[in-house]
Amino acid sequence: MPPYNAPPTAFDPATMPLLRSVGSNQVGMREYNERVVLQAIRTHGSLPKAEVARLTKLSTQTASVIINRLLDEQLVVKRDAVRGKVGQPSQPIALNPEGAFSIGIQIGRRALDVVLLDFTGALRWQSSTPYASPEVEQVFAAIDARLREVDDFLGPELAPRLTGIGLAAPLTLGTWHGLESLLPQEAEAWRRVDVRVRLQAMTPLRVDFAKDTIAACVAELVAGRGRKLKSYLYVFVDTLVGGGLVIDGEPHSGQFGNAGAIGSMPLGLAGTDERGVAPQLLGAASLVRLEEMHAQAGLELLAFSDERLLSGPWEAVTRQWIEEAANAITFGVTGAACLLDLDGVIVDGAVSRALLERLIAAMQEQMTRYSWQGTERPLVMAGTIGMTAKVIGAAYLPLHANFAPAHGLFLKATRR
């Protein structure tokens, strides 16, 4: 397998074909076949050697040799033999949770989040560092501290099994500083820094970068409802609303990495504001707007995940925001569905599940107020990952880079 400090690469979802758990018996395919076997086990769960061979279309001997090698590398482990069936007892092979680890880092507009995933994708460690406004030097100093904490958590035995770091951040952190508390000089500092290059200079681990909303979309595609949809729009409601796009089972980033950028969609025709420019969707559907509405009402500002937003003096204002946000997002969804013929829309966010459910219910109501003549209305559903989707998606990137066949992700079983 490739060393943990292999040359860094940028994450480009446009180059990610859907995985097929099929190997090759040709000479020279050792690394690829190792990855195919790991993919089969990751997709289907623990499997006996004969079943691995069947699923991957490798010969029984080739599959056995590969599995023995993966056992030696401690990437897989043997489970207890299954008895009571006809023939010899079969011994399932499973991923070793401690076979490899990956770090996910999300540089957000309100917090720095860091997680550690094991080889099965289970969360083993996490940290969140909130701030009123991101400042470049403070953020990277915090990242350095968190990386040291992860190293201490793993200890000298497991730390060498770190396979890389996935970094998620907005492509243009300082672009909408007028909507946030970001000072102009801080916005300019973020425009000057290449966050992946800056992080790579701090660590020998490979660093892979993805736009934050694409990282969240990847998390839902790998471990959520996205596994069952062919083409869908992903919407993540955060400080500023954003999204991602999956076409034919593959994340699609577009020429400039902005595919699925629903927050930038116009709300109506040009000439509807004082400048003659159509307002953008993010102005109505972002959580910074909810915060602004509470401040204007003289209410205490609560965390976006606080259940109290739906009760007491906050309820009326939050309900108003839900209606406005649902209408705005539905407007964008309608246009996207007509253009892309989507199977569905997945909505998630950095909010409580109760607030998300209210928002989706309001969207479903708004969907009935648009004409769908000539097209099909997509199903709207809640995401399953929640407020950690961006950082979890980031942590999947090194696992993809080091262990997935070709350029694929741990996504779905073989096309049938």
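The values are calculated or read from the model by the stated rules, or taken from the named source; none is laboratory data. These figures come from a predicted structure and were not determined experimentally. Cβ atoms come from the backbone with ideal geometry, glycine included; neighbour counts cover every protein chain shown. We work out accessible area using only protein heavy atoms, side chains counted, and drop any ligands, DNA or RNA first. Shrake-Rupley method; radii C 1.70, N 1.55, O 1.52, S 1.80 Å.
Any of Lys57/Lys78; Lys57/Lys390; Lys78/Lys230 with alpha carbons more than 32 Å apart? Name them for me.
On the way: Lys57/Lys78 21 Å; Lys57/Lys390 35 Å; Lys78/Lys230 34 Å.
With Cα atoms farther than 32 Å apart: Lys57/Lys390; Lys78/Lys230.
Using only C-alpha atoms and all pairs of different ones, pull out the Kirkwood radius for the chain in Å with one decimal.
Answer for the chain: a Kirkwood hydrodynamic radius of 22.7 Å.
Leaving out same-chain residues fewer than 8 places away, which aspartates and glutamates sit with a Cα under 18 Å from that of Lys211?
Asp12, Asp113, Asp194, Glu220, Asp238, Glu250, Asp348
Looking at region 187-253, what % of the alpha carbon pairs are farther apart than 20 Å?
44
In vacuum, with every alpha carbon of region 307-393 counted as one equal point scatterer, what does the Debye formula give for log10 I(q)/I(0) at q = 0.20, 0.25 Å⁻¹? Two decimals, please.
-0.95, -1.23
In region 102-138, which residues have a backbone nitrogen under 19 Å from the label point lying 7 Å from Arg198's Cα in the Cα-to-Cβ direction?
Within reach of a label on Arg198, which here means backbone N under 19 Å from a point 7 Å along Cα→Cβ, region 102-138 contributes 104-115, 128-138.
Given contacts defined as C-alpha pairs under 8 Å and at least six residues apart, what's the relative contact order of the chain, whole-number percent?
Normalised by residue count, the contact order of the chain is 21 percent.
Hey, which aspartates and glutamates would be in cross-link range of Lys49, C-alpha to C-alpha under 16 Å, not counting anything within fewer than 8 residues on its own chain?
Within the straight-line cut-off, Lys49 pairs with Glu34, Asp72, Asp80.
Just how large is the dipole of the chain about the Cα centre, in debye to the nearest 20, putting +1 at every Lys and Arg Cβ and -1 at every Asp and Glu Cβ?
1900
Please figure out what share of the DSSP beta bridges in the chain is antiparallel and state it in percent, rounded to the nearest 5.
55
Convert 4 °C to kelvin, take the viscosity as 1.567 mPa s, use the Kirkwood radius over C-alpha pairs of region 257-406 as Rh, and evaluate the Stokes-Einstein diffusion coefficient in µm²/s, rounded to a whole number.
76
Tell me the carbon and sulfur percent of the accessible area for the chain, rounded to whole percent, probe radius 1.4 Å.
On the chain, the fraction of accessible area on carbon and sulfur atoms equals 52 percent.
Taking only DSSP H segments of four or more residues, each worth -39500 (n - 2.57), what value at 222 nm results for the chain once the sum is divided by all its residues, to the nearest 500 deg cm²/dmol? Walk me through the numbers before you get to the answer.
Working: 12 runs with 156 residues, N = 416.
Per the formula, -12000 deg cm²/dmol.
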